[in-house]
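The values are calculated or read from the model by the stated rules, or taken from the named source; none is laboratory data. Keep in mind the model is a prediction, meaning the values are calculated, not measured. Virtual Cβ from ideal backbone geometry, glycine too; neighbours counted across all protein chains shown. Surface accessibility is based on the protein's heavy atoms, side chains included, excluding ligands, DNA and RNA. Shrake-Rupley method; radii C 1.70, N 1.55, O 1.52, S 1.80 Å.
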Amino acid sequence: MEKILIIGGVAAGATAAAKARRLSPNAQITMLEAGPDISFANCGLPYYIAGDIDSRSKLILQSPESFNEQYQVEVNTNTQVSKIDREKKLVQTIDNQTGAENTFEYTKLILAQGGKPIQPEIPGANSDHVFSLWTLEDMDKIDNHLKNNEPKTAVVVGGGFIGLEMVEALVKRGLKVHVVEKMQHVMAILEAETAGFITRELRAFGVGIHTETAVTKINADSVELDNGKKINADMVLLSIGVRPTLQLAKDAGLAIGEAGGLLVSDKLQTSDPNIFAAGDMVEIEHRVNGKKVRIPLAGPANRQGRIAAENAFGGEHSYKGAIGTSVVRVFDAVAGTTGLSLKQARSAGIDADAIVVHKEHHTSYYPGAETVSVLLVFDKKTGVVLGGQTAGYKGADKRLDVIATACAAKLPVSEIADIDFAYSPPIGTANDAMNMAAYVAENKMSGYSPSIMVSELDDYLESKQQVIVLDVRDVFAHQKSKMNGAYHLPLEMLQANVERIPKDIPILIYDETGKKGHQALRTLVGAGCQEVVNISGGHTSLQRYAIAAGFKHIDMDMLPIGKKNVDEKVMEETETNKNVDTAELKRLVVDVRTRGEFMGGAFPDAINIPLDDLMSGSGELGDDMDREIVVYCATGARSAYAQQVLRQRGFSNVVNGGGISAMMSRY
């Protein structure tokens with residue numbers, strides 16, 4: 001009879017035990033867990049502290065009793081394994097509560113010990129008001145401290161996944177929170193511009209961010225940083241990473257891999273053929289570049305647990321490796337990554353490139369449309385997708401899963417360009433953000449539309465003796481924020497002024513998101529300009545990179561950060577035009593855009609009558625049917641329709657002013 005012994009529970013261990021029972025109704029299956037809980041939702045711990053999950057019991061997925069009842073698995077909690085005797089196939093244990101020693105036999109052993117939070121050697125790190133978050137017990141200690149001590153300030157050390165989730169949780173509990181991150185920006189796993197999206201959200205909620213610095217001392221009511229600053233802190237959360245639990249495996253003489261995890265084969269077999277391993281303690285192969293990596297995530301751990309159990313019974317199931325897909329939600333902002341970043345791909349010796357697009361997650365005319373950002377990394381020669389990142393308030397997870405699938409299947413961008421994604425106005429767009437990202441990547445690969453990532457701009461500017469930077473956004477966008485030193489020429493006015501632009505000087509173009517920049521680039525190339533490059537992602541990417549990492553050779557006017565709070569999330573609004581007495585105007589200027597567009601900036605003394613209202617006959621235009629009326633919108637399309645409507649109503653002198661940029665230049 002097979003005796004399957006599993007050391008460790010939670011994700012990999014509990015999954016392995018359940019799979020083992022489904023494979024064999026007769027095997028003796030035993031689980032040894034050092035802690036008090038065998039299966040709990042550790043990813044949900046921050047959300048209980050935040051109050052999003054209202055019941056602690058919801059986090060307990062299985063108890064020893066329920067697990068035994070459902071799977072007939074003998075579960076031993078609070079059981080510390082002290083030694084593995086590989087020759088005799090025995091495991092020695094100590095009961096953490098009674099000190100009693102015991103011995104367990106096995107025919108096959110599965111290690112699933114996971115990892116533990118790294119405990120930094122900082123003076124004061126062992127104080128009662130300093131916590132880490134890994135287990136239900138850790139969660140209870142934090143929750144009790146918040147209830148009993150009512151702290152007002154907190155410092156979270158580490159700006160990774162758990163760290164930022166706890167930042168949100170503590171803000172929701174009413175604390176003033178600061179995050180301290182040793183790297184250049186929070187979420188160091190992300191590209192700086194993607195992290196910039198999260199950074200703006202944190203600052204909008206009043207979170208203090210301290211990057212490229214470290215905590216040197218923890219006091220009773222403050223922390224000290226290596227840059228000389230001191231931050232008030234009634235409590236401190238340490239979240240600087242996870243270290244695999246390997247001492248037992250090392251003592252047993254099992255091989256450790258180059259990435260610092262337990263070495264396993266593609267069958268998840270250790271250097272001992274009778275011992276398998278899964279979860280955070282192992283190192284596995286990255287599916288994109290084939291390198292050995294440690295990816296401590298719940299998804300891979302669960303899948304590895306299933307495969308380890310299957311192979312322990314003689315199966316030949318190969319684990320293909322992981323891509324490292326991970327996503328975080330901070331307040332309402334979502335960002336994630338999968339596969340390789342551009343830097344990782346190039347460091348691996350791959351001739352890689354990247355682009356970024358910002359597009360509405362569903363049709364812009366349907367209420368609630370939000371911008372979703374897609375950063376796509378690909379092989380310059382083959383177009384094969386190597387990785388990517390997404391960010392947005394809605395739809396970021398959907399696009400991230402598409403990139404992950406493309407990485408796993410080694411799809412080229414040309415395949416993504418032609419995929420039919422789900423479309424309905426409330427759900428998506430006819431050309432999804434993923435289609436658009438693929439189009440932009442194809443255009444860059446072919447040389448039809450050269451572009452540059454914002455992370456490459458400093459190096460690009462250093463390599464050029466002279467560069468013309470052209471801002472082709474509308475006048476109101478330019479007034480709010482710009483790259484200082486750039487020339488402003490709205491796209492609508494570019495063709496009329498193209499002969500004034502030098503043809504032999506490199507030109508950098510940016511618009512709001514990169515789309516109009518592409519159009520401007522094609523206009524300039526057609527006019528004979530020798531070197532034209534579009535800034536991928538445009539002003540949106542410039543802003544995000546500047547707030548997260550900053551530029552050496554670019555001075556950006558930064559957009560103000562609207563203040564938000566957890567009860568009422570309100571963004572700052574732009575001033576609207578003052579009321580205008582239309583009766584006294586010889587020429588009446590009518591803005592037929594929506595109220596929201598009008599509030600973002602309008603022609604001086606214009607009145608706002610949205611096209612829908614104009615078509616229904618509402619809106620005060622007066623009785624003078626011969627007075628000149630100039631109508632305009634964003635591009636000229638809606639104003640042309642408005643011109644027809646007003647002429648049908650009897651107004652004889654109606655002029656289509658076109659788009660807002662054309663209006664500002666003509667009048």
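Taking all pairs of different Cα atoms in segment 312-364, averaging 1/r and flipping that mean, what Kirkwood radius in angstroms comes out?
For segment 312-364, the Kirkwood estimate is 15.1 Å.
Would you mind pulling out the separation of the Cα centroids of segment 607-667 and segment 213-281, in Å?
If we compute the Cα centre of each part, the gap is 65 Å.
Tally the DSSP beta bridges in the chain and give the antiparallel ones as a percent, rounded to 5.
Values: 55 of 111 bridges.
For the chain, the DSSP antiparallel bridge percentage is about 50.
Given Lys381/Lys410; Lys267/Lys292; Lys116/Lys152; Lys152/Lys172; Lys88/Lys320; Lys343/Lys380, which pairs have Cα atoms separated by over 20 Å?
Values: Lys381/Lys410 14 Å; Lys267/Lys292 15 Å; Lys116/Lys152 28 Å; Lys152/Lys172 12 Å; Lys88/Lys320 32 Å; Lys343/Lys380 14 Å.
Among Lys381/Lys410; Lys267/Lys292; Lys116/Lys152; Lys152/Lys172; Lys88/Lys320; Lys343/Lys380, the Cα-Cα distance tops 20 Å for Lys116/Lys152; Lys88/Lys320.
Run the dipole for the chain about the Cα centre, Lys and Arg Cβ at +1, Asp and Glu Cβ at -1, nothing else charged, and hand back the magnitude in debye, nearest 20.
880
How many angstrom separate the Cα center of segment 328-397 from the Cα center of segment 96-164?
Segment 328-397 and segment 96-164 have Cα centres spaced 33 Å from each other.
Please calculate the 1.4 Å probe accessible area of Glu370, with all protein chains present, and give it to the nearest 10 Å².
The accessible area comes out at roughly 70 Å².
Report the semi-axes of the equivalent ellipsoid for the chain in whole Å, largest first, where each axis is √(5λ) for an eigenvalue λ of the Cα gyration tensor.
56, 28, 24
Using a cut-off of 19 Å between alpha-carbon atoms, which aspartates and glutamates can reach Lys291, once sequence neighbours fewer than 8 places away in the same chain are excluded?
Cα-Cα hits under 19 Å: Glu258, Asp266, Asp280, Glu283, Asp351, Asp379.
Using the Cα centre as the reference, give the magnitude of the dipole from point charges on the C-beta atoms of segment 105-170 (Lys, Arg: +1; Asp, Glu: -1; all else neutral), rounded to the nearest 20 debye.
Roughly 100 debye, rounded to the nearest 20.
Let me know the charge dipole size of segment 1-142 about its Cα centre in debye, to the nearest 20, where only the beta-carbon of Lys, Arg (+1) and Asp, Glu (-1) is charged.
Here the size comes out at about 620 debye.
Quick one: pull the percentage of alpha-carbon pairs in segment 604-667 with a separation above 17 Å.
That fraction is 35 percent.
Give the calculated FRET efficiency between Lys586 and Val525 to the nearest 0.05, with a Förster radius of 45 Å applied to their Cβ-Cβ distance. Intermediate results must be reported in sequence, preceding the final value.
Details: r = 43 Å, r/R0 = 0.96.
Rounded to the nearest 0.05, the efficiency is 0.55.
With both partners inside segment 50-199, how many of the DSSP beta bridges are antiparallel, as a percent to the nearest 5? All intermediate terms of the calculation are to be shown ahead of the outcome.
Details: 11 of 16 bridges.
Around 70 percent of the beta bridges assigned by DSSP in segment 50-199 are antiparallel ones.
Taking a probe of 1.4 angstrom, what is the accessible area of Glu69 in Å², to the nearest 10?
Rounded to the nearest 10, that gives 140 Å².
Putting +1 on Lys and Arg Cβ atoms and -1 on Asp and Glu Cβ atoms, find which of Ile607, Ser639, Gly622 reaches farthest to the positive end of the dipole of segment 585-667.
Ser639
What fraction of the Cα pairs in segment 311-456, stated in percent, has a spacing above 24 angstrom? Before the final figure, lay out each step's value.
Working: 3456 of 10585 pairs.
Above the 24 Å cut-off, segment 311-456 has 33 percent of its Cα pairs.
For the chain, what's the relative contact order in percent, using C-alpha pairs closer than 8 Å and at least 6 residues apart?
Reported relative contact order: 10 percent.
How high is the relative contact order of segment 78-197, in percent, counting Cα pairs under 8 Å that sit 6 or more residues apart?
The value is 13 percent.
For segment 1-56, what number results from the quotient of the Cα radius of gyration and 2.2 N^0.38 Å?
1.44
Val384's amide H: which non-local residues (gap 5+, or another chain) put their own amide H closer than 5 Å, with H modeled 1.01 Å from N in plane and none for Pro or chain starts?
Asp379, Val413
Relative contact order for segment 416-564: what is it in percent, counting Cα pairs under 8 Å that are at least 6 residues apart? Could the numbers behind the result be given before it?
Numbers: 204 pairs, mean separation 36.5, N = 149.
Normalised by residue count, the contact order of segment 416-564 is 25 percent.
Tell me, what are the semi-axes, in whole angstrom and largest first, of the equivalent ellipsoid of segment 37-180 as set by the roots of 5 times the Cα gyration tensor eigenvalues? Numbers along the way, then the final one.
On the way: eigenvalues 241, 71, 36 Å².
Rounded to whole Å, the semi-axes are 35, 19, 13.
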